[in-house]
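First the structure, in the form of C-alpha cells, and then the observations on it.
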Amino acid sequence: MPAPSTEARDHDLVQQTLDGRREAYGLLIVRYSRSIRATCMARVGLASDLDDLLQETFLRAYQGLSRLKDHDRFGAYVHRIAGNICVDRLRRGRTRKDHVPLEEVQLEPPHEPGLAFDVREERLIRLRQLVGRLPETLREAILLFYFEQRSHADIAGQLAITEAAVNQRLHRARQFLKQAFDGAAEAGA
C-alpha cells in the first residue's frame with residue numbers, strides 16, 4: 001500500500017488512520033500543529049508546557065477519532081479539543097512558574113525601509129502587549145490569520161464558525177489595535 005500523501009484530504013487521512021496507518025495521523029499532526037499551537041497560545045499564553053498541551057490534544061484526538069462522524073471536519077474537531085484542554089489547564093491552574101505572557105512572545109519585527117530599528121522594536125513590543133490584551137476569541141483569530149497565515153476559510157473550519165464571524169473577529173481586533181495605537185500616539189505627542 002503506498003504511503004499517505006501530504007496532499008490528501010483530511011477525510012482520507014482520518015480514514016487511513018482508522019485503518020491502522022499511523023503515518024497518516026502523523027501527516028494530520030504536521031498539518032495542524034502550528035494552528036493548534038496558536039490556539040493554545042491565544043488561550044493560555046506561551047507556557048513552557050505548550051508542547052505538552054499539543055501532545056495531549058493530538059493524543060485525545062487520536063483516542064476519539066472513531067467517534068468523529070464527518071472526517072472532513074478533523075480541523076474543527078482537533079481545535080475544539082485543544083480549546084477544552086486549555087480551559088481545563090487554566091481551571092486547574094496548572095500553568096508553570098515559567099509561563100510567559102503572550103505579550104512577551106518574540107516576533108520578528110517587520111522590515112520597513114528607512115525606519116529606525118528602535119522605533120520598529122518599540123512598535124513591535126507595543127503590538128505584542130496589545131494582542132495579549134485582546135479577548136480570547138479575537139486574539140485567536142489574529143494569531144491564526146497573521147502569525148499562522150491561515151485563510152478565512154481555514155480559520156472558520158478550525159474554530160467551527162462562519163467566515164463572516166472570522167471577518168467580524170478580525171475587524172474588531174484590528175479596530176481595537178488601531179485605536180490603541182492611535183491613543184498611544186496622541187498620548188506621546
Taking interchain pairs and intrachain pairs at least six residues apart, which have beta carbon atoms under 6 angstrom, with the first residue in region 70-91 and in the same structural domain as Gly45 (by TED's automatic domain parsing) and the second modelled with pLDDT under 90 and acidic (Asp, Glu)? none
Taking region 116-149 as the region of interest, how many residues are modelled with pLDDT under 80, surrounded by 14 or more Cβ atoms within 10 Å (Cβ to Cβ) and not in a helix (DSSP H, G or I)? 1
State whether the residues of region 85-95 include one that is under 14 Å from the mean Cα position of the chain (by Cα), modelled with pLDDT of 70 or more and buried (at least 20 other Cβ atoms within 10 Å of the Cβ). yes
Some residue of region 51-61 being under 23 Å from Arg133 (Cβ atoms) and of a type outside the set (D, E, K, R): yes
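Here's the yes/no breakdown for (1) of a type in the set (A, V, I, L, M, F, W, C); (2) at pLDDT 90 or above:
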{"position": "Leu18", "(1), (2)": "yes, yes"}
{"position": "Arg22", "(1), (2)": "no, no"}
{"position": "Gly26", "(1), (2)": "no, yes"}
{"position": "Ile29", "(1), (2)": "yes, yes"}
{"position": "Arg34", "(1), (2)": "no, no"}
{"position": "Thr39", "(1), (2)": "no, no"}
{"position": "Val44", "(1), (2)": "yes, no"}
{"position": "Ser48", "(1), (2)": "no, no"}
{"position": "Leu54", "(1), (2)": "yes, yes"}
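The values are calculated or read from the model by the stated rules, or taken from the named source; none is laboratory data. Quantities reported herein were computed from a predicted structural model and do not represent experimental measurements. Heads up, the Cβs are rebuilt from the backbone with ideal geometry, glycines too, and the neighbour counts pull from every protein chain shown.
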